Amino acid sequence: MTRRGFLKAAVGLSLGAAGCRATGRAAAARSTTIEAGRQDGKVNDLFRPGAVWLDTDGQLIQAHGGGVLFHEGVYYWFGENKDARTQPARGRIRRLDVVGVNCYSSTDLLRWKNEGLALPAVKDDPDSDLHPSGVVERPKVIYNERTARFVMWMHIDKADYGYARAGVAISTSPAGPYRYLGSVQPNGADSRDMTVYQDDDGRAYIFHASEWNKTMRITRLSEDYLEATDDSVREFVGRSREAPAVFKHEGRYTCISSGCSGWAPNAAEYAVSEAAMGPWTVMGNPCVGTPGQVATTFQAQSTFVLPVQDRPGAYIFMADRWKPEDLGDSRYVWLPLEIDGDSLRIRWLDEWDLSVFD
Ligand code: DGJ
């Protein structure tokens, strides 16, 4: 990828004042946090990392810790709906009630239509994994060609993060509704931050932070993607990595991850491999910029790498800029990846569009 497009896209545009509306219970208190001039209320014409991002109804997008599925010409963005009151910190833990997993659809990656809750919280059953008192984080969806089912995997936990399981849900249509099937500790291993990677041979894997986040496990899923198999490896042993985001380019697998520091940002690290299950070689920090940007991943944490359709070599790094005191007002940092062999670079851009990949 060349730098030409990056420079072109970095030119700022002057937009009208934001007449945007926030939505939901917790949103009213946030109206003063919306940065005037960063959006025009309804139309999103550029990626603006860290800015308020509104859906096509002019509402704040609630899709945190998310991932994107491309299916039959449409992108579906799944993520945590965090439109609830962030509770006061209890020790090192800061949380809010589970609302559910949201889904948005788009054909251009900029304008997102709210498809609603693909997997809502279950309010009337305190024993449900999806009860508001628990934790539902980092949902990712893949499509199983054999079964013609959409399969969602996610981190399921209790409020103290001691339950540490991977949950799975299924649907016949991409936007849901999804039917929750249950949760597991794959091969007896605790499972917190996670992602799903679907390979082009049809195999799929979950990458899950395990052993109290000290070590990442990569576990192959069954053919229907509904179960964890016993084909599982330990990687990044003792490196304390979480927030994995995996992609494959020209036969090489790359995993970008964060360190473990709660909602506070830290330095990203990437690793490469010849196979999804490793062995993985740690390469270093892909971020390029000021020392502050490099040390904090642009004040954000990885969640997914999105391959742009019909643009070979074009990948978007998706990250969350958490706002611990009001998690529902957390922002999205999407930046283009620069790939050159095994070398990966992520640079800050105030504003950009897909022409950076030209
Ligand atoms: C970091 C994880 O990446 C997030 O998904 C969330 O679990 C927070 N920790 C909770 O502190």
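The values are calculated or read from the model by the stated rules, or taken from the named source; none is laboratory data. Values in this document were obtained by computation on a predicted structure and should not be read as measured data. Cβ atoms come from the backbone with ideal geometry, glycine included; neighbour counts cover every protein chain shown.
When the stretch 122-143 is filtered for residues that are more than 21 Å from Thr86 (Cβ to Cβ) and under 20 Å from the mean Cα position of the chain (by Cα), the ones remaining, listed by number, are Lys140, Val141, Ile142, Tyr143. For residues that are touching a Cys at 6+ places or on another chain (Cβ under 8 Å) and more than 16 Å from the ligand (Cβ to nearest atom), scanning just the stretch 277-308, find the one that is nearest to Ser330 (Cα to Cα). Residue satisfying both the conditions and the ranking: Gln293.
Residues are listed down the side, and each one gets a yes or a no for (1) buried (at least 20 other Cβ atoms within 10 Å of the Cβ); (2) touching a Phe, Trp or Tyr at 6+ places or on another chain (Cβ under 9 Å); (3) polar (S, T, N, Q); (4) without any contact (Cβ under 8 Å) to a residue 12 or more places away in the chain:
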{"residue": "Asn285", "(1), (2), (3), (4)": "no, yes, yes, no"}
{"residue": "Thr290", "(1), (2), (3), (4)": "no, yes, yes, yes"}
{"residue": "Ala300", "(1), (2), (3), (4)": "yes, yes, no, no"}
{"residue": "Phe304", "(1), (2), (3), (4)": "yes, yes, no, no"}
{"residue": "Val333", "(1), (2), (3), (4)": "yes, yes, no, no"}
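If I filter the stretch 116-126 for residues that are closer than 12 Å to Tyr76 by Cα, modelled with pLDDT of 95 or more and within 15 Å of the ligand (Cβ to nearest atom), do I get at least one hit? Checked against the condition, which is being closer than 12 Å to Tyr76 by Cα, modelled with pLDDT of 95 or more and within 15 Å of the ligand (Cβ to nearest atom), the stretch 116-126 yields no hits at all. So for the stretch 236-244 (the condition being charged (D, E, K, R), within 16 Å of the ligand (Cβ to nearest atom), in contact (Cβ under 8 Å) with a residue 24 or more places away in the chain and under 20 Å from Pro49 (Cα atoms)), does at least one residue qualify? Checked against the condition, which is being charged (D, E, K, R), within 16 Å of the ligand (Cβ to nearest atom), in contact (Cβ under 8 Å) with a residue 24 or more places away in the chain and under 20 Å from Pro49 (Cα atoms), the stretch 236-244 yields no hits at all.
Name the residue, out of Ala148, Ala204, that is surrounded by 19 or more Cβ atoms within 10 Å (Cβ to Cβ), touching a residue at least 12 places away in the same chain (Cβ under 8 Å) and not hydroxyl-bearing (Ser, Thr, Tyr).
Matching residue, one of Ala148, Ala204: Ala204.
Going by the conditions given, is Asp310 within 21 Å of Val68 (Cα to Cα), modelled with pLDDT of 95 or more, crowded, with 23+ Cβ neighbours inside 10 Å and of a type in the set (Asp, Glu)? No, not satisfied. The residues listed here are Thr195, Thr215; of these, the one that is within 19 Å of Thr254 (Cα to Cα), away from the ligand (no atom under 15 Å from the Cβ) and in contact (Cβ under 8 Å) with a residue 12 or more places away in the chain is Thr215. Does Val272 satisfy the condition of being in contact (Cβ under 8 Å) with a residue 60 or more places away in the chain, part of a strand (DSSP E or B) and away from the ligand (no atom under 16 Å from the Cβ)? Yes: the conditions hold for Val272. Is it the case, given these coordinates, that Ser171 is within 16 Å of the ligand (Cβ to nearest atom), of a type in the set (Ser, Thr, Tyr) and surrounded by 18 or more Cβ atoms within 10 Å (Cβ to Cβ)? The answer is no for Ser171.
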